[in-house]
Amino acid sequence: MRLQAVKLLGVLVVGTALLAGTVPEPEPTDPVDQYNLGAKYFNGQDVPKDYAKALEWFRKAAEQGFPPAVFMVGAMYNEGLVVQQDFAEAAKWFRKAAESGEPRAQTNLAALYSEGKAVPQDFAESAKWYRKAADQGEAIPQFNLALMYDTGQGVPQDEAEAAKWFEKAAVQGHPESQVNLGYKYLTGRGVPQDDAKAAEWFKKAAEQGNAEAQVNLGALYADGRGVETSYPEAYKWLVLAELAGSQEAKRMRERLASEITREQEAVAYFNIGVRYARGAGLVQDNGEAMKWFRRAAELGDAMAQSNLGGFYANGIGVPQNYDQAIVWFRRAAEQGYPPAQFNLALCYLQGRGTKKDFKKAAEWFRKAAEKNYVDAQTYLGRMYVSGEGVKKDFRKAVEWLTRAAEQGDAEAQANLGVRYRRGEGVERDDTMAAYWFRKAADQGFVWAQLNLGTLYFQGEGVPHNFNEAQKWFRRAAEAGNTEAQGSLGLMYAQGLGLPRDGVQAYMWFYLSAMGGNERATLPLTQLEQYISAEEIAEAKRLANEWLAEHKKE
């Protein structure tokens, strides 16, 4: 495996960042500021990308001995950025920075010695500099030093020492080190033989898209070494490695294809789709995710069918198409997959991809709810409240809402609070209403915050407490609830739990009215008789400022 050098993928700004879009006046003389300005030009951060100006400022900082800048000058000669590529000049700057302890410079100087570029090839000297950088915790030199111990290049061959350095880099997420450490555990070279640990390290690298690790992990899953035998997992990793160009993976996958079942193949394809959708070890690509979900769906995988329906419903990776969405939701729903049953019910409820049919919506919500799918339980409870698709039945509504609320669903908790408040399906109990409103309010459910504020305002189910009331009204008001805004305005107007403040009162009544709450109009008219025109103007200014801020959100 080839030794690695530090690549220029961008430059970190050190110290205090410059203000966006500005160049310091006068020109900076401090080396940290000079380096920062060079970094901004190098990265195109707040200024147009300009390697020539970057080099100019890096050189100014380097001439003052600032190690990161010294390294960057060397790196630009090494890469041939703006200047003619010159390894001898790069080596000069790398050495200067390396002797100051700059780990990237130490790593690149080691690489020059290893390759014999502008310096005599000297593996011992290379290992010396890799060790200096590795001792500072840098993953790349740790990996390179491990390789040298593994091969006995520049240092005495020592597989235990190699494993030690591979592990130091591997725990930092370095994929090539993870692969090599996996090999060590698989073969018992330098470490005790351990298939489980081999699989663990191969998987870490495979998750990052390393094809070599994916091949090895696929083989372990196929053979049940270090992991439980799983043909779907084996097939998935081999397909991913094949996509990355591995011919070995292709041969192994073709052999496995004769042994894997249709269902196992579908699971593998589905999991590949998930990885594309999440960008896990692959470039995130909804179109590719859609392709793999379709392959799995056509093989009958319910989760893939449901996901395919979701992509069509939301226009992810394809144009939005509810007709197609409902086709795939139905296929998965008929296999008993609760998320698909829920989504099919939503299609019937909202008339998407089909005519509205509340009865069918309720039927599919019930199927998912009976499998403890919390969203379906909430919707079914709501339908028993409204009598849509089912006969109105508050007791059944409470039954389903309770099941969802106990699983933490905020909407169900708020709805259940209403049922206790009104005595619908249960005996009226304001204490229980407050209990459920608080659970939903703590999750940010706005109208539960409004209702909890109301209970504190009125002293029902909880002790009478204007301070608590205004706290919950404010949370709902800040979220844009017009009734809460009106209630907060009232508390400011009357000095209840808050200092009496006509400007704040007018502002919140004004926002409430602007949001469509007609009941806020009368208090506004009444307030205008008690506060000045200047105060009204200030209240409107504050309200418009609030609207502008919340429009951005």
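Compute the Cα gyration tensor for region 50-94, then decide on rounded, prolate or oblate, letting a ≥ b ≥ c be the square roots of its eigenvalues: rounded whenever a/c is under 1.5, prolate when a/b is larger than b/c in the other cases, and oblate in all that remain.
Values: a/c = 2.40, a/b = 1.16, b/c = 2.07.
Since a/c reaches 1.5 but b/c is at least a/b, the shape of region 50-94 is classed as oblate.
For the chain, max minus min Cα coordinate along each principal axis, in Å, sorted largest first?
89, 73, 42
Length gain on complete extension for the stretch E228 to R352, per 0.36 nm per residue less the alpha carbon to alpha carbon distance? Present the calculation step by step, with values, prior to reporting the outcome.
Details: separation 124, 0.36 × 124 = 44.64 nm, distance 4.28 nm.
The span from E228 to R352 would gain 40.4 nm if fully extended.
Please give the FRET efficiency for V171 paired with K250, using the beta carbon to beta carbon distance and R0 = 35 Å, rounded to the nearest 0.05. Provide the component values of the computation, followed by the final result.
Values: r = 32 Å, r/R0 = 0.91.
The calculated FRET efficiency here is 0.65.
Pull up the cross-link candidates among the lysines for K60, meaning alpha carbon to alpha carbon under 19 Å and not fewer than 8 places away within one chain.
Partners found: K40, K49, K92, K96.
For region 117-183 and region 245-305, compute the distance between their C-alpha centroids and round to whole Å.
Cα centroid of region 117-183 versus Cα centroid of region 245-305: 36 Å apart.
Could you tell me the calculated FRET efficiency between L522 and Q458, based on Cβ-Cβ distance and R0 = 30 angstrom, to the nearest 0.05? Provide the component values of the computation, followed by the final result.
Working: r = 21 Å, r/R0 = 0.69.
With a Förster radius of 30 Å, E is 0.90.
Would you kindly derive the ³J(HN,Hα) couplings of region 205-211 from the backbone phi angles with the Karplus curve 6.51 cos²θ - 1.76 cosθ + 1.60 (θ = phi - 60°), listing them in order in whole Hz, with x for Gly and Pro?
These are the phi-based 3J(HN,Hα) values: 6, 4, 4, 8, x, 6, 5 Hz.
Using 0.36 nm per residue, how much length does the chain from E370 to K540 gain when fully extended, once their Cα-Cα distance is taken away? Write down the numbers at each step before the final one.
On the way: separation 170, 0.36 × 170 = 61.20 nm, distance 5.15 nm.
Full extension of this stretch gives 56.0 nm more.
Near the amide H of G188, under 5 Å away, which other amide H atoms are found, from residues 5 or more places off or on another chain, if H is placed in the peptide plane?
Sorted by chain and number, the residues that satisfy this are D194.
Amide H to amide H, which residues 5 or more places from V83 or on other chains are under 5 Å from it, using H placed in the peptide plane?
none
Quote the FRET efficiency, to the nearest 0.05, computed for R189 versus D323 with a Förster distance R0 of 60 Å and r equal to the Cβ-Cβ distance.
Values: r = 58 Å, r/R0 = 0.97.
Calculated value: 0.55.
Using only helices, what value at 222 nm comes out for the chain when you add -39,500 (n - 2.57) per DSSP H run of length 4 or more and divide by the total residues, to the nearest 500 deg cm²/dmol?
Details: 29 runs with 374 residues, N = 553.
Taking each H run of at least 4 residues, the total per residue is -21500 deg cm²/dmol.
What are the extents of the Cα atoms of region 33-116 along their three principal axes, listed from largest to smallest and rounded to whole Å?
Principal axes ranked by extent give 38, 24, 17 Å for the Cα atoms.
Work out from phi, with θ = phi - 60° and the Karplus expression 6.51 cos²θ - 1.76 cosθ + 1.60, the ³J(HN,Hα) of each residue of region 266-271, listed in order in whole Hz, and give x for Gly and Pro.
These are the phi-based 3J(HN,Hα) values: 4, 4, 4, 5, 4, 5 Hz.
For D442 and E424, compute 0.36 nm times the residue count separating them, minus their Cα-Cα distance, and round to one decimal in nm. Let's see the in-between values first.
Values: separation 18, 0.36 × 18 = 6.48 nm, distance 2.37 nm.
Taking 0.36 nm per residue and subtracting the Cα distance, the gain is 4.1 nm.
So how many Lys-Lys pairs in region 331-469 land under 28 Å Cα to Cα, not counting same-chain pairs under 8 apart?
Count of close lysine pairs: 29.
Suppose every K and R has +1 on its Cβ and every D and E has -1 on its Cβ; what is the size of the dipole of region 480-553 about the Cα centre, in Debye to the nearest 20?
Working: 6 positive and 10 negative charges, 21 e Å.
With only Lys, Arg, Asp and Glu charged at Cβ, the dipole is about 100 debye.
Output ³J(HN,Hα) for region 423-428: one whole-Hz value per residue in order, computed from phi by the Karplus curve 6.51 cos²θ - 1.76 cosθ + 1.60 with θ = phi - 60°, and x for Gly and Pro.
x, 9, x, 9, 5, 4
Which Rg and Dmax, in Å, describe the Cα atoms of region 480-553?
11.3, 34
In whole angstrom, note down how far apart the Cα centers of region 332-397 and region 505-542 are.
Between the Cα centre of region 332-397 and that of region 505-542, the gap is 43 Å.
Only the coordinates and a few stated rules stand behind these numbers; no lab work does. As the structure is a prediction and not an experimental result, all values here were calculated from the model. Every residue, glycine as well, gets a Cβ built from its backbone with ideal geometry; the counts of neighbours run over all protein chains shown.
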